[in-house]
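Visitor: Below you'll find the structure I mean.
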Amino acid sequence: QVLLIESGGGLVQTGESLTLSCVVSERTFRSSAMAWFRQAPGKEREFVAAISASTLRTYYSDSVKGRFAISTDNTKLFLQMSSLKPEDTGVYLCARTLRAPGDLLSPAYYDYWGQGTQVTVSS
């Protein structure tokens with residue numbers, strides 16, 4: 001069974017930074033892609049960033065482009081977040097897929113999910 005465990009969340013003020021980590025029980029190079037999503041109370045799960053395991057090409061939502069950076073060292077997935085805003089608040093979840101190339105921005109593309117780590121940005 002593939003397990004994903006996130007860490008690094010917390011309470012920060014507007015403009016501060018956080019780095020999230022996601023440990024994968026299998027080496028990440030066996031994935032097709034990995035991603036970070038977030039979910040705020042009462043809202044749908046939202047794509048944040050993704051990385052192709054083969055090409056290491058990265059993808060970002062418009063709302064975080066230029067502020068967040070996704071990376072992997074083949075055992076962990078990272079999300080470096082800077083210039084945080086209150087609207088970045090939510091539970092951040094890492095996700096993994098073994099599927100052929102597809103819609104990286106869709107939650108349905110991913111097969112395995114972590115439990116999430118809470119990020120709260122105060123104004």
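The values are calculated or read from the model by the stated rules, or taken from the named source; none is laboratory data. Bear in mind the structure is a predicted one, so any value in this text is a computation, not a measurement. Note that each Cβ is placed from the backbone with ideal geometry, even for glycine, and that neighbours are counted across all protein chains shown. We work out accessible area using only protein heavy atoms, side chains counted, and drop any ligands, DNA or RNA first. Shrake-Rupley method; radii C 1.70, N 1.55, O 1.52, S 1.80 Å.
Visitor: For a quick check of your reading of the model, give me the residue pairs whose first member lies in the stretch 64-91 and is in contact (Cβ under 8 Å) with a residue 12 or more places away in the chain, whose second is open to solvent by 40 Å² or more (accessible area, probe 1.4 Å) and aromatic (F, W, Y), with beta-carbon atoms closer than 6 Å and at least 6 apart or on different chains.
Guide: Sorted first by the residue in the stretch 64-91, then by its partner, the pairs are S71/F78; N74/F29.
Visitor: Could you look through the stretch 1-16, keep only residues that are surrounded by fewer than 13 Cβ atoms within 10 Å (Cβ to Cβ) and at pLDDT below 90, and pick out the one that is farthest from the chain's Cα centre (by Cα)?
Guide: Ranking the qualifying residues of the stretch 1-16, first place goes to Q1.
Visitor: Moving to a separate point now. Within the stretch 17-47, track down each residue that is open to solvent by 80 Å² or more (accessible area, probe 1.4 Å) and either part of a loop (DSSP other than H, G, I, E, B) or without any contact (Cβ under 8 Å) to a residue 60 or more places away in the chain (or both).
Guide: R27, F29, P41, G42, K43, E44, R45
Visitor: Among the strands (runs of 3 or more DSSP E) contained in the stretch 48-113, which hold 3 or more residues that are of a type outside the set (D, E) and open to solvent by 10 Å² or more (accessible area, probe 1.4 Å)?
Guide: Correct list: 58-60, 68-72, 76-81.
Visitor: Further question on the same structure: What are the residues in the stretch 31-52 that are in contact with a strand residue (DSSP E or B) (Cβ under 9 Å, 6 or more places away or on another chain) and either under 18 Å from S82 (Cα atoms) or charged (D, E, K, R) (or both), if any?
Guide: Residues satisfying the conditions are A35, W36, F37, R38, K43, R45, E46, F47, V48, A49, A50.
Visitor: Taking only pairs six or more apart or across chains, which ones have beta-carbon atoms under 9 Å, a first residue in the stretch 97-115 that is β-branched (V, I, T), and a second residue that is not in a loop (DSSP other than H, G, I, E, B)?
Guide: T97/A33; T97/M34; T97/A35; T97/Y109; T97/Y112
Visitor: Then there is this: Checking M81 against (1) over 17 Å from A69 (Cα atoms); (2) in contact with a Leu (Cβ under 7 Å, 6 or more places away or on another chain): exactly one of these is not met. Which one?
Guide: The number of the failed condition is (1).
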